Structures are given as C-alpha cells and as structure tokens.
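Novice: What follows is a structure written as structure tokens; I'll ask about it next.
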Amino acid sequence: MTAPNLFGKKVTAGQKTKFRAPIAELPDGTPVTVPVVVVRGVEDGPTLALSGAIHGDEYNGVAAISRLFQQLEPRDLHGTLIGVPVMNPFAYYAERRLNIFDYELQNLNRIFPGDPRGDLGQIMAHRLFTEIFGSTDYVIDYHEGGRDFMARYLIVGGGLEEDGQTFERGREMARWFGHGVPTVPTRRLHVERRPGYSGTLSGATGRQGISTIAAELGGAGRVWEEHVADAIGGTRNVMIGLGMLSGEMLRTQEQQYFCETHEWPRPTRSGLLVPTPVAELNAVVDEGELLANIVDPFGEVVEEIRAPFRSVILDTRHSAVVYPGDWTYHCGKID
Ligand SMILES: [Zn+2]
C-alpha cells in the first residue's frame, strides 16, 4: 500500500504532529478545514486511519481519536496512526447528521469514494479518500446513534465485492477489538435494498482491499465516558493485533456476539413509541418479544414492535415519535 499523501504534509519517522487540512471554503472565502492528527512510529509497520464525525451529531469518536493521539508516543509505535476526528465539519458546526450546505443534502457516508467534479459533499469525500483513507492499510470509522439513537456494536465493512480476505481480516479486527461489543457484517441484502450503502467509507475502503470496521459506540447527543473507553481500549487492542503496539490485549468478561444477520423492525403506522423494559442497549431478547408499542394520542396501541428473531439489541431509539419505515430497535440475530 502506498503511503497516504496527507494533504502534502510530510511526517517523518518518530514524529507526532497535528494540523488542519483544507477541505472546502465558505461563500465569503473563509477556508474550511478538517483537523488531522498523525503519530508515526520510530519503527516501520502498518498504517491505521481513524475517522470521526462523518455524521455531525456523533461525538464519542471525536473524543476517542483526540485522546488516543494524546496518549500515543512514536517510540511505542510500529507504523503510523492517522486520525481525522471531524470528517464532516459543516455537519459538526450545525450539530446535525448531514451537511446542510450540500445542495442535495447528501449523507457523507453514502457517497465515498466521492467525485472531484461533484457537489460539495462529493468533493469533500473525494479529498478525504484520495489524501488519506484510500491509501492506508486499515481503517476504523467511529459512528454512534447520533441525536436519536444509542448504539453499541461493530460493523465489519467491505464484505461485498472484495476477495473475502479483506472481510476476514476485518472480522479479526472486530474480535481483537473485543470489549463485548456485538459485531455484524455489512449485509448484502441491506445494501441491495438501500443502494446508497455501497458509498459508506467502509464499503469504499473494502473495495480497495483495506480492511475496515465501523465502531458504533454511544449516541443521544453527548459524550459517554464508557463508550469512549470502549473505543480507545478496542482500538488499542486492534493495534496490538496488527503489531503496531506491544503488550497484552485488554479483555473483558462480557460475551462478544457475532451476528450473521441484523434487522430493524420498522413500523407501518405513525405514533408515539413507548418502549418496554426489555428494550435496552445490548440486551438479549427472544424471537417475537415485545420491544415497544406505538400508541395514538388516545392511548390506543396501533402497532406492536417485536424482535424478528432472538437478538442482541444493537441500537435503541431515543426520539419518541415515529413515522412508517422509521428505524426503531436494531436487532442482531443470535442463536
Ligand atoms: Zn454515523
């Protein structure tokens, strides 16, 4: 793999640096930049790139990347760690999932590897991909539930069009990550139903043969110390697995489920979503178990939301009002 161009910034062996890279500009000419952190080890080794806040209302990855950068020293590192804590500055300013200045309101995590002659979002995706993420060895992309959900799971990316090795290596990264965080594959059916999913960062890197996991940790519009700790501990484990750090991986007692399939039961009616006590993050529920009722303003239950199979709950919904087809509780299938 060729070394990332890093927006032209030269980083030598043993150097730890942070800088801002131009990504766009405001209509008055003010430059818009993304923060970039780089720790290059004294010794050679793989390059791991970390991505945060592709969605602007997802904050725990921002905290995890910046803290990891503060903790790591080049003398302890084999290879290079690169982090972009805020990938989508426009969405981050607005505290929104999407960039409101993109004319088509495109989801940055549906348009990778981008297009240099496209809209604002496509140009940003192209810059980030060509300067960093398309030429690293491994990627961890931090996401979470955003303002409306809480999440705790890993997605193994790039499981669709590559040779299988990229995906298997990604699965290994998820196992190393550990911390009892349930893991799901990118699901072909999911991508076929919603074609935009082939434009996720992990989809685009996967097609380049770059093993990638997306770590969905936290949500509800705030920083959670326990989710940041999982992100940092899990990432350090992956770095130990890749030979970038020495030492023992941090292991917890919590069982890590590997789900072969996953699904969001979706309402067909609108209403107020009233969860049952079992509908907790990472709880295990049986097939058909009631997760929530959708009620009308007179208190009548108009629809029940039930687990489609025996599941570990990967996402819980925090916004109370639902429309038909909305995401409710994300269920990962377990035996
Ligand atoms: Zn996200």
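The values are calculated or read from the model by the stated rules, or taken from the named source; none is laboratory data. Here the structure is a predicted model, which means the values were calculated and not measured. Glycine gets a Cβ as well: all are built from the backbone with ideal geometry, and neighbour counts include every protein chain shown. Just the protein is used for accessible areas: all its heavy atoms, side chains included, with ligands, DNA and RNA removed. Shrake-Rupley method; radii C 1.70, N 1.55, O 1.52, S 1.80 Å.
Novice: Hey, any idea what % of the range 75-114's accessible area is carbon plus sulfur with a 1.4 Å probe?
Specialist: 53
Novice: With unit charges on the beta carbon (Lys/Arg positive, Asp/Glu negative), name the residue among V321, H179, T130 whose Cα is farthest towards the positive pole of the charge dipole of the chain.
Specialist: Final value for the positive-end residue is T130.
Novice: Which of the listed residues, G234, A204, T252, is farthest toward the dipole's positive end in the range 202-335, when Lys, Arg count +1 and Asp, Glu count -1 at the beta-carbon?
Specialist: A204
Novice: Give me the 1.4 Å probe accessible area per residue for the chain, excluding ligands and nucleic acids, in Å².
Specialist: Per residue, the chain has an accessible area of 44 Å².
Novice: Using a 1.4 Å probe on the protein chains only, how many percent of the accessible area of the range 205-335 belongs to carbon and sulfur?
Specialist: 51
Novice: Can you give the FRET efficiency for A229 and A283, using 1/(1 + (r/R0)^6), R0 = 22 Å, r = Cβ-Cβ distance, to the nearest 0.05? Write out the running numbers ahead of the final one.
Specialist: Working: r = 20 Å, r/R0 = 0.92.
FRET efficiency, A229 to A283: 0.60.
Novice: Continuing with this model, one more query. Let's see if you can work this out: charge +1 on each Lys and Arg Cβ, -1 on each Asp and Glu Cβ, no other charges. What is the dipole magnitude of the chain about its Cα centre, in debye to the nearest 20?
Specialist: In debye, rounded to 20, the chain gives about 840.
Novice: Go through V285, L272, P297 and say which Cα lies farthest out towards the positive end of the charge dipole of the range 262-333; charges sit on Cβ, +1 for Lys and Arg, -1 for Asp and Glu.
Specialist: So the residue furthest toward the plus end is V285.
Novice: In the range 209-267, which GluC sites (Glu not before Pro) are in a loop and have at most 11 other Cβ atoms within 10 Å, using DSSP for the loop call? All intermediate terms of the calculation are to be shown ahead of the outcome.
Specialist: Numbers: sites: E216, E225, E226, E248, E254, E260, E263; in loops: E248, E254, E260.
Those satisfying the criteria are E248, E260.
Novice: Between K18 and I100, what's the calculated FRET efficiency when r is the beta-carbon distance and R0 is 25 Å? Round to 0.05.
Specialist: Working from the Cβ atoms, E equals 0.35.
Novice: With +1 on the Cβ of every Lys and Arg and -1 on the Cβ of every Asp and Glu, and nothing else charged, how large is the dipole of the range 262-333 about its Cα centre, in debye rounded to the nearest 20?
Specialist: So the magnitude is around 160 debye.
Novice: Nearest 5 is fine: what % of DSSP beta bridges in the chain come out antiparallel, could you say?
Specialist: On the way: 43 of 63 bridges.
About 70 percent, rounded to the nearest 5.
Novice: Then there is this: How many nm is it between the label spots at D28 and I240, if each spot is 7 Å from the Cα in line with the beta carbon?
Specialist: 5.0
Novice: How big is the gap, in Å, between the Cα center of the range 274-303 and the Cα center of the range 57-73?
Specialist: Centre-to-centre distance over Cα atoms comes out at 35 Å.
Novice: Something else: Could you check the spin-label model distance between R251 and Q70? Points 7 Å from the Cα along Cα→Cβ, value in nm.
Specialist: So the two model labels end up 3.1 nm from each other.
Novice: In the range 262-333, what is the volume of the convex hull around the alpha carbon atoms, normalised per residue and reported in Å³?
Specialist: 69
Novice: Let me ask something additional. In a solvent-free Debye calculation with one equal scatterer on each Cα, what is log10 I(q)/I(0) for the chain at q = 0.07, 0.15 Å⁻¹, listed in the order of the q values?
Specialist: Ignoring solvent entirely, the Cα scatterers give -0.28, -1.26.
Novice: With r as the distance between the Cβ atoms of R222 and E260 and R0 = 25 Å, compute the FRET efficiency 1/(1 + (r/R0)^6) and round to 0.05.
Specialist: Numbers: r = 32 Å, r/R0 = 1.28.
The computed FRET efficiency comes out at 0.20.
Novice: Can you give the net charge of the other residues whose Cβ lies under 10 Å from the Cβ of Y92, counting K and R as +1 and D and E as -1?
Specialist: Net charge around Y92: -2.
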